[in-house]
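The values are calculated or read from the model by the stated rules, or taken from the named source; none is laboratory data. Being a predicted model, the structure only gives us computed values, none of them experimental. Note that each Cβ is placed from the backbone with ideal geometry, even for glycine, and that neighbours are counted across all protein chains shown. Heads up: the accessible areas ignore ligands, DNA and RNA and are worked out on the full protein's heavy atoms, side chains in. Shrake-Rupley method; radii C 1.70, N 1.55, O 1.52, S 1.80 Å.
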Amino acid sequence: MPLHESAEMYLETIYVLSQKNGFVRSIDIAEHMGYSKPSVSRAVGLLKRGGYLNMAKDGSLSLTEEGQSAALKIFERHTILSGLLTRIGVSEETAAKDACKIEHVVSDETMNAIKNYIQTQ
């Protein structure tokens, strides 16, 4: 079942924060994304029920294997797209914002073609 854009954004954020800090709590997600604690709590609950996320007794969050896979896919898309956009002259700030929008809607076929194109350049 495909994830909604918001779920993908949460998973990507959890992945990035875990790489940066080594651990993630709901408050970290709320601060990073600029969302309210209740919104993050609801999303965390949905991701847990969906099998994408685990919560330890101390409140720290970790991605399941399925969550890690989905997060890496989105993170890779973001990295590739923002890199491509900056290579063609888009400012880093705009490239990051646009990549964040595109990464959720671009097809696997198009993403694979972009990766292949970049590798041959």
If you check V44 against the conditions, is it surrounded by 15 or more Cβ atoms within 10 Å (Cβ to Cβ) and more than 12 Å from the chain's Cα centre (by Cα)? yes
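Whether any residue in segment 65-84 is without any contact (Cβ under 8 Å) to a residue 24 or more places away in the chain, touching a strand residue (DSSP E or B) at 6+ places or on another chain (Cβ under 9 Å) and open to solvent by 40 Å² or more (accessible area, probe 1.4 Å) is what I want to check.
Yes, segment 65-84 has at least one match.
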So how many residues does segment 89-121 have that are modelled with pLDDT under 95 and either at positive phi or in a loop (DSSP other than H, G, I, E, B) (or both)? 6
Yes or no: segment 45-61 includes at least one residue that is in contact with a helix residue (DSSP H, G or I) (Cβ under 8 Å, 6 or more places away or on another chain), outside any helix (DSSP H, G or I) and within 30 Å of Y117 (Cα to Cα). no
Is there a residue in segment 47-62 that is among the acidic types (D, E), over 12 Å from E8 (Cα atoms), exposed (fewer than 15 other Cβ atoms within 10 Å of the Cβ) and modelled with pLDDT of 95 or more? no
Have a look at A71, A30 and point out the one that is under 30 Å from Q119 (Cβ atoms), at pLDDT 95 or above, in a helix (DSSP H, G or I) and small (G, A, S). A71
Suppose we keep only residues that are open to solvent by less than 50 Å² (accessible area, probe 1.4 Å) and of a type in the set (G, A, S) within segment 8-30. Which one would you say is nearest to the chain's Cα centre (by Cα)? S18
